[in-house]
Amino acid sequence: MTPERDALLCARYPNLYRDRLGDKSETPMAWGIECGDGWFDLLDRLSAKLEPLCLDGKLKAAQVKSKFGALRFYFAWMDDHGGPSSEAYAAVREAEEEAARTCEDCGRPGEMRRGVVQCERCWAVGRVQRAVNARDA
């Protein structure tokens, strides 16, 4: 995700992303939100659902990334008792399912193509770039 969009999510949801500027040796969130800009809107909606659940300081984002073409949203629970609510798990699951149908590059409807969710247009652009790179190699 571009630094600007990453910063925007962190500014809108400061409790959820409170480790964003943490030490890289202590939290994966220090690396930022590691996915394409096409998932910005769905992460914004997910973050809006999770932010109120973070107000007591027990829940926070631990890592947000794309892995094997799928959205992975991990959170940390800061309490010895209980755990994240079923509401938090349901919201994350819903966002991960939406990401599986959303182009990671542009946000249009997409499908899994060689380990990344892309729309036809972004896939074609990438195909041309891959051909140019192969020719120039």
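The values are calculated or read from the model by the stated rules, or taken from the named source; none is laboratory data. Worth saying up front: this structure is predicted, and the values here are computed from it rather than measured. As a convention, Cβ positions derive from the backbone with ideal geometry for all residues, glycine included, and neighbour counts pool all protein chains shown.
A few comments on the model shown:
- Filter result for Asp105 (surrounded by fewer than 16 Cβ atoms within 10 Å (Cβ to Cβ) and within 28 Å of Trp123 (Cβ to Cβ)): no
- Out of Leu59, Leu71, Leu21, Leu55, sole residue that is within 21 Å of Glu97 (Cα to Cα) and either out of contact with any helix residue (DSSP H, G or I) (no Cβ under 9 Å at 6 or more places or on another chain) or of a type outside the set (Phe, Trp, Tyr) (or both): Leu71
- Single unsatisfied condition, Ala62 versus (1) farther than 25 Å from Glu111 by Cα; (2) modelled with pLDDT of 95 or more; (3) part of a strand (DSSP E or B); (4) small (Gly, Ala, Ser): (2)
- In the set Gly32, Gly57, Gly22, only one residue is on the phi > 0 side of the Ramachandran plot, surrounded by fewer than 16 Cβ atoms within 10 Å (Cβ to Cβ) and not basic (Lys, Arg); that residue is Gly57.
- Pairs meeting the criteria (first residue in the range 49-64 and charged (D, E, K, R), second residue part of a helix (DSSP H, G or I), beta carbons under 7 Å, at least 6 apart or on different chains) are Lys49/Ala91; Lys60/Cys54.
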